[in-house]
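Q: Pasting a structure here, questions to come.
The values are calculated or read from the model by the stated rules, or taken from the named source; none is laboratory data. This is a predicted model, so every value here is computed, not measured. No Cβ is skipped: glycine too gets one built from the backbone with ideal geometry, and neighbour counts run over all protein chains shown.
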Amino acid sequence: MRSAFLKTIQNIKMSIPIVIAVLMLVNLINPLIQKYYPQIFTGNYFIDPFLGAVAGTVSFGIPIASYITGGELLEEGVSLIAVTAFIISWSTVYFIILPLEISFLGKRFAIWRNALNFVSSIVIAILTIITLKLFV
């Protein structure tokens, strides 16, 4: 029991510099990227979910911030399918912190988890729009 506790403390000490570096990098990059989002999206229902998922993947933050950003994108005229993929990938795909995730969960698991979540964000966005068109 004691050795597990000491190992946990050692892992936390080792991860603190990585976490601080990632957070500093994200706080520098996110505002620069977000102002270009309305210009990236084409209005194409085949390309926009992919672009939305990519934009959400490179962004990082708490999910409530993605809802606010998504609302702003909708006001700028970005399609709902792109915003849906953006919000889902923002909340589930953490490309920015992949090195930290690999160090804790292993390379194979971290890469598979992020890849599956990326693809799922596109599929869910498409299914959401299809569902809305059927019932609304």
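Q: Looking at this structure, is Gly77 loosely packed, with under 11 Cβ neighbours inside 10 Å and touching a residue at least 12 places away in the same chain (Cβ under 8 Å)?
A: In short, yes.
Q: Same structure again: Within the range 87-102, identify whether any single residue is outside any loop (DSSP other than H, G, I, E, B), charged (D, E, K, R) and free of Cβ contacts under 8 Å to residues at least 60 places away in the same chain, and answer yes or no.
A: Looking for residues that are outside any loop (DSSP other than H, G, I, E, B), charged (D, E, K, R) and free of Cβ contacts under 8 Å to residues at least 60 places away in the same chain, one finds at least one in the range 87-102, hence yes.
Q: In addition: Could you please tell me which pairs satisfy a Cβ distance under 7 Å, a separation of 6+ or placement on different chains, a first residue in the range 10-37 that is more than 16 Å from Gly61 (Cα to Cα), and a second residue that is at pLDDT below 80 and not β-branched (Val, Ile, Thr)?
A: Final answer for the pair search is none.
Q: Can you find even one residue in the range 10-18 that is of a type in the set (Ser, Thr, Tyr), part of a helix (DSSP H, G or I), surrounded by 13 or more Cβ atoms within 10 Å (Cβ to Cβ) and under 12 Å from the mean Cα position of the chain (by Cα)?
A: Scanning the range 10-18 turns up no residue that is of a type in the set (Ser, Thr, Tyr), part of a helix (DSSP H, G or I), surrounded by 13 or more Cβ atoms within 10 Å (Cβ to Cβ) and under 12 Å from the mean Cα position of the chain (by Cα).
Okay, residues lined up against (1) touching a Phe, Trp or Tyr at 6+ places or on another chain (Cβ under 6 Å); (2) surrounded by fewer than 19 Cβ atoms within 10 Å (Cβ to Cβ); (3) of a type in the set (Phe, Trp, Tyr); (4) at pLDDT 85 or above:
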{"site": "Tyr45", "(1), (2), (3), (4)": "no, yes, yes, no"}
{"site": "Gly52", "(1), (2), (3), (4)": "yes, no, no, yes"}
{"site": "Ile64", "(1), (2), (3), (4)": "no, yes, no, no"}
{"site": "Ile88", "(1), (2), (3), (4)": "no, no, no, yes"}
{"site": "Leu105", "(1), (2), (3), (4)": "no, yes, no, yes"}
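Q: Being under 30 Å from Lys13 (Cα atoms) and out of contact with any Leu (no Cβ under 8 Å at 6 or more places or on another chain) is true for just one of Ile102, Ile87, Ile122. Which residue is that?
A: Ile102
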